[in-house]
Structure formats: C-alpha cells, structure tokens
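Step one of this worksheet: look at the structure below.
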Amino acid sequence: MCLANSHTCSPMRFTRITLGFITLIIGLGFYLLARGFLKDVEPQTYQATEEMMVDTAHLLAEIACQHNYLTDPSTQQHLATAFDDARKRRFHAQIYNHLKNKIGLQAYLTDASGRVVFDSDHGRRVGLDYRQKRDVALTLMGNYGARSSRNHEQDPHSSILYVAAPIGDPKHPSGVLTVYKPQLDMWPLVRERRQLIYTACGLIGTGILAWIAAVFLWLFRPIGRITEYAHAIGRGERPAKPDLGIGREVNTLAKALDSMRDALEDRNYVERYVQTLSHELKSPLAAIRGSAELLREDLPIETRHKFLSNLLAETSRSERLISRLLELSAIENRKSLSTTTDCDLREILSHVIAEASVHAHMQGVTIHTQLPAQPVIVKGDAFILRAAASNLLENAIDFSPRGKTVEIVLNDMPDAVMLTIRDHGPGIPDFAQSRVFERFFSLRQLNHQRKGTGLGLTLVREAMDLHGGTVKLSPATPGTMALLRLPK
C-alpha cells in the first residue's frame, strides 16, 4: 500500500523512525538516570543510619564512663535491664511510608584488651576476644571504628552494621562501646525509595514520550497533506488548498504552494526548473535507494545505523531543496512587490531566531543577538523578508563549527536598516566568491560534510532586489559576515 502512495507514506515513515529513535534515546537516558539513583539508594541509606549510630555510640560511651559499666557488674545489669525493657516496648513511629514498632539497636562493651564484658543481646558475646574486629581494633588505636559483617556468609540480608566509640580518653581508651543494628531494619526504607525512583522515572518518561508523539502527529499530519497537495500540482491538477486548521505554521507553506501554482502557470521557465531539480535530486535519491537496498541485507547494527543516518540526511536534503525551490519560485521574476505593508523587522527577526534555535542547538551552535528595543519598520512583504532572514541565518548555522557563535546585529539608521549575520566558520574560498549567489551552487556544510541546496542565497538576493535593498557577503576573521541593507 505504501508503494502505491509513497509520497504520502514518506512523512509518516519518517515520523515513526524519528519517534522511535527519540524513544530509544529517552529510554536509555532514563535507564542510566534510574540506575545511577538506584545505585546510590542503599549506600546513602546506610550512611544516614551510620551517622545516627555514631551519635548514639558516643552518647552511650559517655554514660558507660560515668557509671563505670566496664568494671561494675551491678551497673551492667542495670544496662541489660534497660535494653530488655526497651525491646519489649511497642510503638507506632510512621517514618514517611515506613512503620516502625520496635527497636533494633543493640550494644556491647569491650575492655582495653578487646574482651567483651557486656552484650545487650542476652550476653551472647560476653567473654569473646574482639580485639581483631575492626570496630574494636581501630577504636583502641584512637581511630574511628566501624564494620559491616554477616552472621551467615551466604545470606546478604544477615549483615549487621557496627559502630564503636571510645570509653574515656579517645587516644588511650579504657574500653570500647559498640552499637550494632541489622541492615535488614533499613531494607524497607531502601525498597520504598527504589519504588519511588521507578515510579517517578516511569511517569516522567511516559509523559515526555506522549508529548513528543503528540507534537510529531501535530506537525507531520498536515505536512503529509501538503505533500499530497504539492504532488497534485505537479501532476497538472488544480486541487483546492488543504484546510490545515487555525494557528498551524504549515498554513504559511500551504499558502506559498498555492501562490507558487498561480505564479508558475504559463511561465516558460518551468521546464528549466524541472530539469534542474531532477538533476539535483539524482544524487540524494541514488543515495537513498542504495541505502534502502543495503538495509534489506542482514547487516551489523552499526552498519544499519550508518545507512539509516544517511537515509535521514539525504531525505532532509531533498526536502530542503524542494522547500527552497518553492520559496524561490514564489518571488522569482516578479518585477516588483504588488502590495507592501509596514513590517516590523525586529519582530520578523525574533520569529526567525526562535525557529532556528532548535537547528542551532542540534548543530552545537549558539545564537547571540543584538536587537533594538523599539520596533524597526520597513516597507515590504513580511513573508519574503522572513524567508530571506531565515535562509541567511540557517546558512550561517550550517557553516559554523560546533561550540561557536552566530552573531546577529540589527541597526536602525535614519535612511536604512542594516542587518549583519556573522559566523565563525572557515569562510568562503576565493574560487567561490563570485558564485555564491548562483542558483544550485553550494559548498559542503561544515557539520555535515554535505552540500546544501544552493538556493538559499539566491532567494535572499531575489528578496533584496524586490525590496530595493542589497546583500553582501564579506570575509571576517574568522568566518563570513552577511550584510543586508534595506532602505526605509
């Protein structure tokens, strides 16, 4: 079915490919983002718990020092009773979505030799030699002591976090108090934070993808109708201009196509245009066909991506060639402007810059503007002036290196308006200085290493001729400066 209507299927096919690529990029981005967050959840939770346990250990160590827990069995019994009574308590502490209803903190005491003299866990560790344990050994040496050990080596959920504090002089302690807590107590908090990350990334990613899909449908459905309209005109039919809805930017293109149809009727240069366009389209069409045929083969994924990129690039070049030709046809060979209105060049330029900002971002180019605060009024055709400024700015972006700036300056003088657009690219070679305004003459773009349409500067020159202005390209250091002069 698409073979019979390839001209209508192409925009939607391009939409699906582009949307799929964007979906892949967004999905990969959210995967990496979520993986980074999830990787940090558990360590951060344990770090926060350890920080609290440090405070608790030092507080209990000070109490142990003041009450002589190391050597007085009666005080040790009081401490054991306190832990037993605390474990019997039942409470309801709602920590965000986590409900805590019993304590999970324990403690043990070791003397200066590392022998355990008290353990709140029913005395299970009393008498054991812990001088090789990191929490005890480091603390006895005057350092911060902590460790994480498993009760059962094969069970990762049996890990217990130990944090120690010195009793007495921190440099020469008389003993060590260690508080310990099963890491399993923190697992509900870790699980809840992971679930929150999954949910947030999923909702945000789905919302972005839905918005992108809506934008693509909103843009490409009318483009498909315009494409059919253009093909009908090419077949010699006289279809009605499609109704694309109110507020769509593509209405401007539809009106341009309608004007082109009227302007091209009975003109003797139509045949020359068709021949030239056919010649210029041979190269991208051949590249598209070759890539498409190769993609039917069983190729490595890297090679397929290379040919897909080539397909997109050559399709974009063909679309730009047709678009430029349509714009040029709308104004070429007009002796004068039939009607003129007061046009605010500052407003026109602002719209052009806003539209070109996405293209500039994709090319890694920054647009720097210097526009007057007040409107800059000239007599002319706003559509033609907008097309001229758009082509000139797009040309500057295409020939700018990544990371460089395109500078736009608009000067309102008493007798004329001066617009300068400067790039910081390689400049125009000497052999091309006299040919840059010729139809279909183009140089290889810096960021793509492909030729442009060769129609943009021709359109700019035609637009300036219609408005009684001039356009000039001169070398800068580095780059090229385009100067438009419009009389008031």
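The values are calculated or read from the model by the stated rules, or taken from the named source; none is laboratory data. Here the structure is a predicted model, which means the values were calculated and not measured. Here the Cβ is made from the backbone with ideal geometry for all residues, glycine too, and neighbour counts use every protein chain on show.
Some observations on this one:
- Extreme residue, nearest to Val116 (Cα to Cα), among residues of the stretch 150-175 that are small (Gly, Ala, Ser) and surrounded by 15 or more Cβ atoms within 10 Å (Cβ to Cβ): Gly175
Residues are listed down the side, and each one gets a yes or a no for (1) within 19 Å of Gln183 (Cα to Cα); (2) surrounded by 14 or more Cβ atoms within 10 Å (Cβ to Cβ); (3) acidic (Asp, Glu):
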{"position": "Gln76", "(1), (2), (3)": "no, yes, no"}
{"position": "Thr81", "(1), (2), (3)": "no, no, no"}
{"position": "Lys100", "(1), (2), (3)": "yes, yes, no"}
{"position": "Ile103", "(1), (2), (3)": "yes, yes, no"}
{"position": "Ser113", "(1), (2), (3)": "no, no, no"}
{"position": "Phe118", "(1), (2), (3)": "no, yes, no"}
{"position": "Arg134", "(1), (2), (3)": "yes, yes, no"}
{"position": "Gly145", "(1), (2), (3)": "yes, yes, no"}
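- Checked against the criteria, Leu33 does not count as under 23 Å from Ser159 (Cα atoms), at pLDDT below 85 and surrounded by 14 or more Cβ atoms within 10 Å (Cβ to Cβ).
- Set Arg87, Arg131, Arg125: member being in contact with a strand residue (DSSP E or B) (Cβ under 6 Å, 6 or more places away or on another chain) and without any contact (Cβ under 8 Å) to a residue 24 or more places away in the chain: Arg125
- Taken over the stretch 289-316, the residue count meeting the criterion of being closer than 24 Å to Ile25 by Cα, among the aliphatic types (A, V, I, L, M) and at pLDDT below 75 is 6.
- The stretch 47-103, residues that are more than 55 Å from the chain's Cα centre (by Cα), among the acidic types (Asp, Glu) and assigned to a helix (DSSP H, G or I): Asp84, Asp85
- Condition check for Thr366: among the hydroxyl-bearing types (Ser, Thr, Tyr), in the same structural domain as Met464 (by TED's automatic domain parsing) and at pLDDT 90 or above: yes
- Only residues that are under 14 Å from Thr71 (Cα atoms) and touching a Pro at 6+ places or on another chain (Cβ under 9 Å) were counted across the stretch 100-116, and they come to 1.
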